[in-house]
Amino acid sequence: MHSNKQTPVKYYVGIDVGSASVRAALVDGFGTVVAHADEPIQIWEPQPDHYEQSSADIWAACCSVTKKVVCGVDASQIRGVGFDATCSLVVVDKQFQPLAVNREGQNYRNVIMWMDHRAVSQVERINATQHRVLSYVGGVMSVEMQPPKLLWIKENLQESCWEKTGYFFDLPDFLSWKATGVTARSLCTVVCKWTYTPDGGWDDSFWKMIGLEDLVKDKYEKIGNHVLSPGESIGKGLTPEAAKDLGLPEGIAVAASLIDAHAGGLGVIGADVEGHNLPCENQPITSRVAMICGTSSCHMGVSETPIFVPGVWGPYFSAMVPGLWLNEGGQSATGKLIDHVIRDHVAFPELQSKAAASAHSIYTYLNSHLDLIKKSLPVGFLTVDLHVWPDFHGNRSPLTDLTLKGMVVGLTLSRGLDELALIYLATIQAIALGTRHILETMQAAGHRINTLFLCGGLSKNPLFVQMHADITGKPVVLSKEVESVLVGAAILGACASGDFASIQ
């Protein structure tokens, strides 16, 4: 690829564990994705609102995709590796073996997924304490965070799991432990999902108040008492065993990790927009919101000073961009909701066969179908009589009400493809209106936002992007490099390698 006169290119590996798949990318020093691969991972749903995974299954997929992207590359050119993952809870015993998080006692199912809502009564009791740490999560803790899940385990699986646990890991930290053998935690995970504060660390009174005083007694050994900034190098890099598993050189730098949405934010929020005549040109990074749209959506805004936004997580210091405060809004089901609405419709089989015949995805086919039926007005006006309330899985921000349900108003007796296309459009509009609600709440609290930066699977859907621009009234910027989450993970590896002085 290169003549002898050129300096060999340096590469960084980004590994991203999403809800349903693991992806890896080989990224060069300019942030270009040179190769990427993905592989599905298994989800178990033993009962409604219980979602579980296997850490062994996830690690095997990490190894498989990493080997694919580095195949044929000179190992000496690979300088660092970074992980990001969903903020799911991984439970292992004192020998680091998986422990069942279910009543069936199936040890390989040792991960409670981020979107698991089993700990509803636990989170209600935690929120009733009104403890001061809750002011850093928008005033109300989410059922998707870790303390309610820990309390659920203690109350429901005391003997089989709680008493045998050696370590509770956030999934991104489990991956960096697997790679290095070091149990250090990322500031991102412990601050965003576990109530750690950068100035005070763990607050003993909170854990005692909610009935988890056992964690305080062991000096927080189980949940982490060694915390590193995202991008900081961990231990001595890849262990011989992990290097063999991943197909990477032993000892290369491994970075303290990020939650997947935060990696996406890191991958887009610092983008250079010079020469595109955008309102954010020559404006500080604090005027941007990075929106990571996948199974769920996250809205990341940074500020120089802490801004407390009711119903929006944060302010979190240095949780995404070191030195800046982060607020994180979110919608619990976006990609999952669109999928649900389409697949449950009676006309779905017809859509599938027509999309297959036209060699397009079902979304591309629906978008073109909407264009066909829109007549003279813009496509958005098709749903003048059809409205969706999108909180099918509760509302994360800014209403913070997980008991909310979804609603559709304006249904008719039509059962064809037109009707399916309209409900698809109305669902996308409802999601965009939810984003607008989050942005308006952030702005009312003191954020100055003028541009949206989108990444993730849904940002590849032009209708989704257009509705967000129309409904929020803000320009939307898409990255040339579509795999922004993987770029964010690779940025961590590049920082850990020492080739760059900082994340910035």
| If you take the beta carbon distance between S287 and E159 as r and set R0 to 56 Å, what does 1/(1 + (r/R0)^6) give as a FRET efficiency, to the nearest 0.05? | 0.60
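May I ask you to order 355-368, 61-74 by the average number of other C-beta atoms within 10 Å around their residues, highest value first?
Values: 355-368: 15.6, 61-74: 18.4.
Sorting 355-368, 61-74 by mean packing, highest first, produces 61-74, 355-368.
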| message | I want to check the label-to-label distance for V120 and Q6. Put each point 7 Å from Cα in the C-beta direction and report it in nm to one decimal. | response | 5.8 nm
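Within the chain, which whole H helices from DSSP have a Cα span along their axis of at least 30 Å and a mean Kyte-Doolittle hydropathy of -0.5 or more, if any? Intermediate results must be reported in sequence, preceding the final value.
Details: long enough: 417-445 (43 Å, 0.84).
Membrane-span-like by this rule: 417-445.
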| When we measure straight from the Cα of K208, which lysines land under 21 angstrom away, once same-chain ones fewer than 8 places off are left out? | K149, K154, K164, K193, K217, K219, K222
| note | Amide H contacts under 5 Å for N395, restricted to residues at least 5 apart in sequence or on another chain and with H modeled in the peptide plane, are D401, L402, T403, L404
| said: More than 32 angstrom separation, counting every C-alpha pair in the stretch 275-478; what % is that? | reply: 20 percent
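Given the -39500 (n - 2.57) contribution per DSSP H run of 4+ residues, what per-residue ellipticity at 222 nm results for the chain, rounded to the nearest 500 deg cm²/dmol?
Details: 15 runs with 166 residues, N = 504.
It lands at -10000 deg cm²/dmol.
How would D116, D344 rank on accessible area, largest to smallest, probe 1.4 Å?
Values: D116 0, D344 115 Å².
Reading off the accessible areas and sorting them downward yields D344, D116.
If you stretched the chain out fully between K244 and T305, how much longer would it get, using 0.36 nm times the residue separation minus the C-alpha to C-alpha distance?
Numbers: separation 61, 0.36 × 61 = 21.96 nm, distance 4.39 nm.
Additional length available on full extension: 17.6 nm.
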| field | Fraction of antiparallel bridges per DSSP, the chain only, in percent to nearest 5 | value | 65 percent
| What residues have an amide H closer than 5 Å to that of G166, excluding those fewer than 5 places away on the same chain, when H is modeled at 1.01 Å from N in the peptide plane? | V92, D93, K94
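Mind ranking T412, T472, T427 by accessible surface for me, highest first, 1.4 Å probe? The partial results should precede the final answer.
Details: T412 80, T472 25, T427 0 Å².
If we order T412, T472, T427 from most to least accessible, we get T412, T472, T427.
Size of the dipole of the stretch 396-468 about the Cα centre, Lys and Arg at +1 and Asp and Glu at -1 on the beta carbon, nothing else charged, in debye to 20?
Numbers: 6 positive and 4 negative charges, 35 e Å.
The dipole magnitude comes to about 160 debye.
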| task | Please compute the Cα-Cα pair-distance distribution of the stretch 1-106 with 5 Å bins starting at 0, giving whole percents from short to long. | result | 2, 11, 19, 18, 15, 12, 9, 6, 4, 2, 1, 1, 0
| Taking H as built 1.01 Å from N, whose amide H comes closer than 5 Å to the amide H of F453, not counting residues under 5 places away? | V289, A290, M291, V477
| request: For the chain, report the translational diffusion coefficient in µm²/s to the nearest whole number, using Stokes-Einstein at 10 °C, 1.306 mPa s, and a Kirkwood Rh over Cα pairs. | output: 68 µm²/s
| query | If you stretched the chain out fully between H276 and A359, how much longer would it get, using 0.36 nm times the residue separation minus the C-alpha to C-alpha distance? | reply | 26.5 nm
| Antiparallel content of DSSP bridges confined to the stretch 382-490, in %, to 5 | 50 percent
| field | Set of lysines with alpha-carbon distance to K460 below 27 Å, sequence-local pairs under 8 removed | value | K67, K68, K336, K354, K374, K375, K474, K480
| query | Once the dipole of the chain is set up with Lys and Arg at +1 and Asp and Glu at -1 on Cβ about the Cα centre, which of G270, H393, A56 lies farthest towards its positive end? | reply | G270
| query | Expressed in nm to one decimal, what extension gain is obtained for the pair S414 and N225 from 0.36 nm per residue of sequence separation less their Cα-Cα distance? | reply | 62.2 nm
| field | Rounded to the nearest 20 debye, dipole of the stretch 380-504 from Cβ charges on Lys, Arg, Asp, Glu | value | 140 debye
| query | Given labels modelled 7 Å from the Cα in the Cβ direction, how far is it in nm from Q130 to F381? | reply | 5.0 nm
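Hey, got the dipole for the chain? About the Cα centre, +1 on K and R Cβ, -1 on D and E Cβ, debye to the nearest 20? Mind dumping the intermediate values first?
Working: 38 positive and 51 negative charges, 53 e Å.
Computed about the Cα centre, the dipole is about 260 debye.
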| task | Using per-residue counts of other Cβ atoms within 10 Å, averaged over each peptide, order 37-46, 80-89 from highest down. | result | 80-89, 37-46
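Determine, for each peptide in 197-209, 326-338, the mean count of other beta carbons within 10 angstrom over its residues, then list the peptides with the highest first.
Values: 197-209: 14.5, 326-338: 24.1.
Ranking the peptides 197-209, 326-338 by packing returns 326-338, 197-209.
The values are calculated or read from the model by the stated rules, or taken from the named source; none is laboratory data. Everything numeric in this text was worked out from a predicted model, so none of it was measured. Cβ atoms come from the backbone with ideal geometry, glycine included; neighbour counts cover every protein chain shown. Calculation scope for accessible area: heavy atoms of the full protein, side chains included, ligands and nucleic acids excluded. Shrake-Rupley method; radii C 1.70, N 1.55, O 1.52, S 1.80 Å.
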